[in-house]
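What follows draws every value from the coordinates through simple rules; no lab data is involved. In this text the structure is predicted, and so the values were computed from the model without any measurement. Cβ atoms come from the backbone with ideal geometry, glycine included; neighbour counts cover every protein chain shown.
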Amino acid sequence: MTAEAEVKIGLGGGCHWCTEAVFQAIVGISRVEQGFIRSDPPDDGWSEAVVVTFDPVRLPLNVLLEIHLRTHASTSHHKMRGKYRSAVYVYDAGTGVKVGRILRTLQRSFDAPLVTKILTLTAFKISDERFRNYYASGPDRPFCKTYIDPKLALLRKRYGSLLRQEQAEAAE
């Protein structure tokens, strides 16, 4: 994979520990940065998210976005939305247009309206080192068992061919 072929996009929706673990499991993603993200007002409050760097040839954007929507409450306006904003953060307007088209197409496969916003990524600050690679460094933690394992099970069931080998083997 060459650096020129890679694309960066921000993804927010649930706990950044969960989102990090989900996207670390997927082939075609070379980097997952866990932290806090914000956009322009009124979405300028810091929200948990990840920035992923991926190869759109190995992992098309529509597939990456479908995984994102399926692994967090993308149709819910729950009380934690300030901390867990459901969004796709883009670096340029062209990518925002493309993401909008993809979300409209994916909406057809959801029973309820998506609440996921398309926002400009204006700032990102990485999590403290001790919180990064949260699942990888302690998969037996109660939080991981309760919240992350079900998301990884969904990945194995629906997107098994897209999983890194170690995640695919975890299902066996």
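A few points about this structure:
- At 1.567 mPa s and 4 °C, Stokes D of the range 35-172 from Kirkwood alpha-carbon radius, µm² per second: 79
- Net charge in the neighbourhood of Arg108 (other residues with Cβ under 13 Å of its Cβ; Lys, Arg +1, Asp, Glu -1) is 0.
- Highest average packing first - 129-140, 66-77, 147-158, Cβ atoms within 10 Å: 66-77, 147-158, 129-140
- Using C-alpha pairs under 8 Å with a sequence gap of at least 6, the mean separation divided by the residue count of the chain gives a relative contact order of 30 percent.
- Anisotropy class of the range 87-145 from Cα gyration tensor, a/c 1.5 cut: oblate
- The Ile126 and His77 beta-carbon pair, evaluated with R₀ = 30 Å, returns a calculated FRET efficiency of approximately 0.60.
- Summing Cβ point charges (Lys, Arg +1; Asp, Glu -1) relative to the Cα centre of the range 65-172 gives a dipole of roughly 460 debye.
- Counting lysine pairs in the chain that sit 8 or more residues apart in sequence, or on different chains, and whose Cα atoms lie under 28 Å apart gives 25.
- Along the range 56-65 the Karplus relation, 6.51 cos²θ - 1.76 cosθ + 1.60 evaluated at θ = phi - 60°, assigns HN-Hα couplings of x, 6, 6, 9, x, 4, 5, 6, 4, 5 Hz to successive residues, with x for each Gly and Pro.
- Ala153-Gln107 pseudo-label distance in nm [points 7 Å out on the Cα-to-Cβ vector]: 3.2
- Across the options Phe36, His16, Ala112, the greatest Cα extent toward the positive end of the charge dipole of the chain (unit charges at beta carbon of Lys, Arg, Asp, Glu) belongs to Ala112.
- Were the residues from Leu114 through Arg31 laid out at 0.36 nm apart, the gain over their Cα-Cα distance would be 27.2 nm.
- The Rg/Rh ratio of the range 1-44, with both radii computed over alpha carbons and Rh defined as the Kirkwood radius, is 1.02.
- In order through the range 70-83: 3J(HN,Hα) via Karplus (6.51 cos²θ - 1.76 cosθ + 1.60), integer Hz, x for Gly, Pro: 7, 10, 8, 6, 6, 10, 10, 9, 5, 5, 8, 4, x, 7
- Over every Cα atom in the range 12-107, the radius of gyration and the widest Cα-Cα span, Dmax, amount to 12.7, 37 Å.
- Taking amide H atoms as placed 1.01 Å from N in the peptide plane, the amide H of Ala87 lies under 5 Å from those of Gly12, Gly13, Lys117, each 5 or more residues away in sequence or on another chain.
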